[in-house]
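First up is the structure itself, then whatever we jot down about it.
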Amino acid sequence: MNTDSAGQRFTAPEAARAYRSIGPFDAASLPAGLLREHRLKQGTWGLLTVLSGRIGFAWDDGKSEGEVTVLEANDTIDVPPEVPHHLESQGEPFRIAIEFLAE
């Protein structure tokens, strides 16, 4: 499902289909919970798309050693169920959208 490999550690199943979309969000409208560690519920994948600008993405599962991947316009990242992660502002304008997928 992803179009860029930056920070990509997981790939959504081919059978996964979007059932809900949220956003677009910018710095003023981004829900604060996305900037803290959170995880998707069991059976739900996320597809984060950067529409413009840049935003940081960090896996909080202990395997990335605090590394933040900077995603730029047109980058996407597949986020699996139950794996902790968060976003980080890069101090510049951005717009992102998120789709939720399930098999």
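At a glance:
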quantity	calculated
Sites Tyr19 and Glu67 - FRET efficiency at Förster radius 35 Å, r taken between beta-carbons, to 0.05	0.70
Amide H within-cut-off set for Asp60, under 5 Å, with H built and near neighbours excluded	His85, His86
Signed unit charges on C-beta, dipole axis of the chain, positive-most listed residue Ala32, Thr49, Gln90	Ala32
Dipole in debye (nearest 20) - the chain, about Cα centre, beta carbon charges: Lys, Arg +1; Asp, Glu -1	320
DSSP-defined beta bridges in the chain - what % are antiparallel, rounded to 5	95
Two-site label geometry, Glu37 and Gln90: point separation in nm, points 7 Å out along Cα→Cβ	2.5
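Quick note: the coordinates plus some simple rules give every number you see, no bench work behind them. Everything numeric here is computed off the predicted structure, so don't read it as measured data. Using ideal geometry, Cβ is built from the backbone for each residue, glycine included, and neighbour counts are taken over all protein chains shown.
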